[in-house]
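Visitor: Here it is, the structure in full.
The values are calculated or read from the model by the stated rules, or taken from the named source; none is laboratory data. Computed from a prediction, not measured in an experiment: that's the story for all the values here. Cβ placement follows ideal geometry from the backbone for every residue including glycine, while neighbour counts extend to all protein chains displayed. Just so you know, the surface numbers come from the protein's heavy atoms only, side chains and all, with ligands and any DNA or RNA stripped out. Shrake-Rupley method; radii C 1.70, N 1.55, O 1.52, S 1.80 Å.
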Amino acid sequence: MVTVTDTSVVLTWTTLAPDPAGRPLPAATDTQVRIGPADSPRAPAPVFADDRPTPFHYAEVDGLEPGRAYRFEAWSAGLRATPALSLTTADPAAPEARGEFTTLVPPPGRRLRTLALANDVHYGEQVSGLIAGDLPPGFRQTPGLAPYPEVMLAAMLDDLRRPDRAATLLLLAGDLTAEASEHDTRTVRSRLDTWGELGHDYLAVRGNHDRPHVGGEYAGCAPAPAGHRDCWADVFSPRQDLVEHEVGGLRVLGLDTSRLDEAGGSIERPQFDHLAARLRADPDRPTLVFGHHPVTTESGLTNLAGPGFVLDGRDSAELQALYTRSPGVFLQHSGHTHRNRRTRPDAPCAVEFLEVAAVKEYPGGYSLLRLYEGGYMVNFYKTRTDDARRWSALTRGEYFGLQPDYTLGTCADRNHVVARDFSGLS
C-alpha cells in the first residue's frame, strides 16, 4: 500500500510464476481490489477490476471517507496477494501486515494548490544501484527499451499533468543528471521544458551529480573553480546560487548544496548570507526550502553512506538556527538518499525535514504537497506507465534485495498531514 490520502488508496503488487527451472518470473494476470469498512462484519467487496493482463499491478481506488479505517485485499488469477518478504511490510504496524489502513483527515479550509516534490533522475545513467565501483550488483535496462532515466522522468511528467494529480509547481531537488555532461544537462532541460517553463512551472537546484567536472567532454562549458567546467550553470543556474520564487504568497527557496568533487553537501557564505537576508526581511512568510542534501543529524546517522553524505554539520547547525528565527519556514525537501523519510530537527524549529525517494528507481516516484488553509498533506506516488512499473519492480532487487527496506519508508513517512496556518495564502 504505497499511497493513502483522505479519499483514496493506491496498491501495487507483482504476480510471479515459476519457469521450467523453478525460478520465479513475472506473470501477466488480471487485477482486482476488494475493500470494506474495518468495522463491518461483511467481507471486503470488489471495488476495482481490470482484466488487462499485466505482471505489474497498479490499482487506485477513490471515493473513500476521510479518517475511516478500511480492510483491503489484492487479488490476481483468483489468488490473494501476500505481503512481500521485507521488514517494511512485515512490521506488525504496517498496513500490509494488518490488511487494514485508515484514510487521512485533511487540514481544515479549502485546498489552495498542489506542489510536486521530486529528485534524483540521474539522466544519462546506465547502471542503477551502484554504491562503490561495481558493487553491489547493479541493474540495466532491457535491450531495446528506452534508457530507464528517460522512462521514469517521462512517467512522472505524464502523471503530474493528469487531473487526479494536477500539480501546478514542480520542485526538483537535484541530481537531474548522472554526471552533468553538456549533452545530458541540455537534454534533461529540454525534456522538462516540454512540460513547463523553468522559473514558473518548475524550479531546479543541483545535486552532487550535477556539480562542475573536469575532463575533455566538459571543455565547452562555463569555467568553475579549480579548473572545473560547469555545464549546469550554462543550462540552469550559477553555482551556489539561491533560487527564489513566490506564488500566491508562498515563498519557495532553492539551495545549491553541491561541493566540488564530493558527495557531501555545503552552503558557501555568499549563498548563506543571501538566504539569511531573505528570511530576515520577512521571517513569518510561509516558506518552503528545497535542496539536494538532507540536513539533520538523524539523516546523517541513518543513511547508508553515513554523516559525511549529508549537509556539512556546521552548515546544518547554522541553517537550523536560522530556521528558529524564521517561523514561516515549514518544510525542507531533500533528495540524495533515494528514500522516503522524515527526520527530527536538531534545533527547536517547527520545520519538517522530508527526504523523497528517487524518480529513477524503486519505489520510483514523487511526493505531492497539497496546501490547505489549515495545513498541508504529503503523499508519495509511484509512477504508473507500463514501462515505469516494470522498471520499478525490477529495481526492488537493488542492494541485494534490501532496497524496499531502505527506500520505501513507513506509511507515515510517505503519507501524513501537518497543521499550519496558511490562511493568508491564495
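Visitor: Quick one: which residue in ASP193, ASP175, ASP201 is on the phi < 0 side of the Ramachandran plot, acidic (Asp, Glu) and open to solvent by less than 60 Å² (accessible area, probe 1.4 Å)?
Guide: The match here is ASP201.
So that you can scan it fast, the table gives a plain yes or no per residue for (1) out of contact with any strand residue (DSSP E or B) (no Cβ under 8 Å at 6 or more places or on another chain); (2) charged (D, E, K, R); (3) at pLDDT 95 or above:
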residue: THR7; (1), (2), (3): yes, no, yes
residue: ARG34; (1), (2), (3): no, yes, yes
residue: PRO41; (1), (2), (3): yes, no, yes
residue: ARG52; (1), (2), (3): no, yes, yes
residue: ARG71; (1), (2), (3): no, yes, yes
residue: TRP75; (1), (2), (3): no, no, yes
residue: ALA81; (1), (2), (3): no, no, yes
residue: ALA94; (1), (2), (3): yes, no, no
residue: PHE101; (1), (2), (3): no, no, yes
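Visitor: Oh, and also: Any idea which residue in segment 363-382 is nearest to VAL105 (Cα to Cα), counting only those that are open to solvent by 10 Å² or more (accessible area, probe 1.4 Å) and within 17 Å of the chain's Cα centre (by Cα)?
Guide: Looking at residues that are open to solvent by 10 Å² or more (accessible area, probe 1.4 Å) and within 17 Å of the chain's Cα centre (by Cα), I get ARG370.
Visitor: If ARG314 satisfies every condition in (1) out of contact with any helix residue (DSSP H, G or I) (no Cβ under 6 Å at 6 or more places or on another chain); (2) closer than 23 Å to TYR376 by Cα but one, which is the exception?
Guide: (2)
Visitor: Still on this structure, I have one more. Exactly one condition in (1) more than 30 Å from ARG278 (Cα to Cα); (2) part of a strand (DSSP E or B); (3) among the β-branched types (Val, Ile, Thr) is not met by VAL418; state its number.
Guide: (1)
Visitor: Do you know which of the residues in segment 297-329 that are over 17 Å from GLY254 (Cα atoms) and touching a strand residue (DSSP E or B) at 6+ places or on another chain (Cβ under 6 Å) is surrounded by the most Cβ atoms within 10 Å (Cβ to Cβ)?
Guide: Across segment 297-329, the extreme among qualifying residues is SER299.
Visitor: Being hydroxyl-bearing (Ser, Thr, Tyr) and crowded, with 22+ Cβ neighbours inside 10 Å, is that true of even one residue in segment 252-267?
Guide: For segment 252-267, residues hydroxyl-bearing (Ser, Thr, Tyr) and crowded, with 22+ Cβ neighbours inside 10 Å: present.
Visitor: Another question, if that's okay. What pairs come out if I take residues in segment 4-17 that are without any contact (Cβ under 8 Å) to a residue 12 or more places away in the chain and pair them with residues that are open to solvent by 20 Å² or more (accessible area, probe 1.4 Å) and not in a loop (DSSP other than H, G, I, E, B) whose C-beta lies under 9 Å away, six or more apart or interchain?
Guide: Here the result reads ALA17/PRO24; ALA17/LEU25; ALA17/PRO26; ALA17/THR29, each pair linking segment 4-17 to a residue that is open to solvent by 20 Å² or more (accessible area, probe 1.4 Å) and not in a loop (DSSP other than H, G, I, E, B).
Visitor: Tell me, which residue of segment 393-426 that is surrounded by 20 or more Cβ atoms within 10 Å (Cβ to Cβ) and aromatic (Phe, Trp, Tyr) is nearest to the chain's Cα centre (by Cα)?
Guide: Among those residues, the one meeting the criterion is TYR406.
Visitor: Hey, another quick one. Could you please find all residues in segment 14-36 being in a strand (DSSP E or B) and either touching a Leu at 6+ places or on another chain (Cβ under 7 Å) or among the small types (Gly, Ala, Ser) (or both)?
Guide: LEU16, ALA17, PRO24, LEU25, PRO26, VAL33, GLY36
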